[in-house]
1. If the Cβ limit is 7 Å and pairs must be 6+ apart or interchain, which residue in segment 140-152 that is within 9 Å of residue 121 (Cβ to Cβ) and touching a residue at least 12 places away in the same chain (Cβ under 8 Å) pairs with which residue that is charged (D, E, K, R) and surrounded by fewer than 22 Cβ atoms within 10 Å (Cβ to Cβ)?
2. Within segment 1-30, how many residues are under 13 Å from residue 166 (Cβ atoms), touching a strand residue (DSSP E or B) at 6+ places or on another chain (Cβ under 8 Å) and without any contact (Cβ under 8 Å) to a residue 60 or more places away in the chain?
3. Considering 133, 117, which residue is part of a helix (DSSP H, G or I), within 16 Å of the chain's Cα centre (by Cα) and buried (at least 21 other Cβ atoms within 10 Å of the Cβ)?
4. Of the residues in segment 39-57, how many are within 15 Å of the chain's Cα centre (by Cα) and either surrounded by fewer than 20 Cβ atoms within 10 Å (Cβ to Cβ) or hydrophobic (A, V, I, L, M, F, W, C) (or both)?
5. Suppose we filter 77, 119 for residues that are among the basic types (Lys, Arg) and out of contact with any Lys or Arg (no Cβ under 9 Å at 6 or more places or on another chain); which single one remains?
6. Sort out which residues of segment 61-79 are surrounded by fewer than 21 Cβ atoms within 10 Å (Cβ to Cβ), more than 30 Å from residue 106 (Cα to Cα) and of a type in the set (A, V, I, L, M, F, W, C), and write them in order of number.
7. Quick one: residue 78 ticks every box in (1) farther than 26 Å from residue 124 by Cβ; (2) touching a helix residue (DSSP H, G or I) at 6+ places or on another chain (Cβ under 7 Å) except a single one, so which number is it?
8. Looking at segment 130-138, can you tell me whether even one residue there is over 29 Å from residue 40 (Cα atoms) and at pLDDT 90 or above?
Amino acid sequence: MPLIFFAHATSSDNETRVRSGWADPPLSDRGRQQARNLGRLAAGPFESVYTSDLIRARQTAAIAFPDLGRTAVPDLREMHYGKLTAASDDLFPTDPEACITVRFPGGECCLDVEVRVRRFLDEYVRPDTPVAVVGHKYTQLAFEVILNGHSWQSAIEADWRARGEWRPGWDYPT
């Protein structure tokens with residue numbers, strides 16, 4: 001189990017159906033409880049815990065893994081939504097695959113996130129060294145593309161969020 005990905009717990013924006021992107025909302029009360037539960041459910045041990053540098057991921061990691069060292073890595077940030085940062089979910093394209101190759105105005109596309117996640121993997125992750133990663137939707141989808149060989153289209157179609165199939169961690173080979 002070299003790399004286990006954990007989705008950050010519920011933020012204040014998640015509760016109001018706002019897509020934060022690079023905005024930095026904290027965890028909600030519900031999210032803090034989810035992070036405590038995650039710490040009890042998470043399989044370990046890990047040599048390192050890496051998080052996005054955004055507060056919702058850092059708070060999740062700090063609550064879930066209080067006794068482990070944590071490193072915040074900007075490359076693990078959520079997709080940059082540009083002008084749609086911190087906008088209501090209703091303002092986003094209805095086709096979830098629209099952002100695979102087309103950047104949000106002033107922001108990124110999935111391929112940009114993939115470049116960042118590949119850089120993280122090259123710089124921080126070593127085979128057979130168990131690490132935990134706390135990140136966001138598009139960082140996890142990038143792991144699906146890079147480490148499980150999915151296309152962006154199939155990763156988006158199979159995304160657990162659309163079906164509510166959360167679990168306390170997703171294992172990835174490195």
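The values are calculated or read from the model by the stated rules, or taken from the named source; none is laboratory data. From a predicted model like this one, the values you see are computed outputs, not experimental measurements. Positions of Cβ are generated from backbone atoms using ideal geometry, with glycine treated the same way; all protein chains shown enter the neighbour counts.
1. 146/114; 146/118
2. So the count comes out to 2.
3. On inspection, the qualifying residue turns out to be 117.
4. 5
5. Sole residue among the options that is among the basic types (Lys, Arg) and out of contact with any Lys or Arg (no Cβ under 9 Å at 6 or more places or on another chain): 119.
6. 62, 63, 68, listed by residue number.
7. Residue 78 satisfies all of (1) farther than 26 Å from residue 124 by Cβ; (2) touching a helix residue (DSSP H, G or I) at 6+ places or on another chain (Cβ under 7 Å) except (1).
8. no
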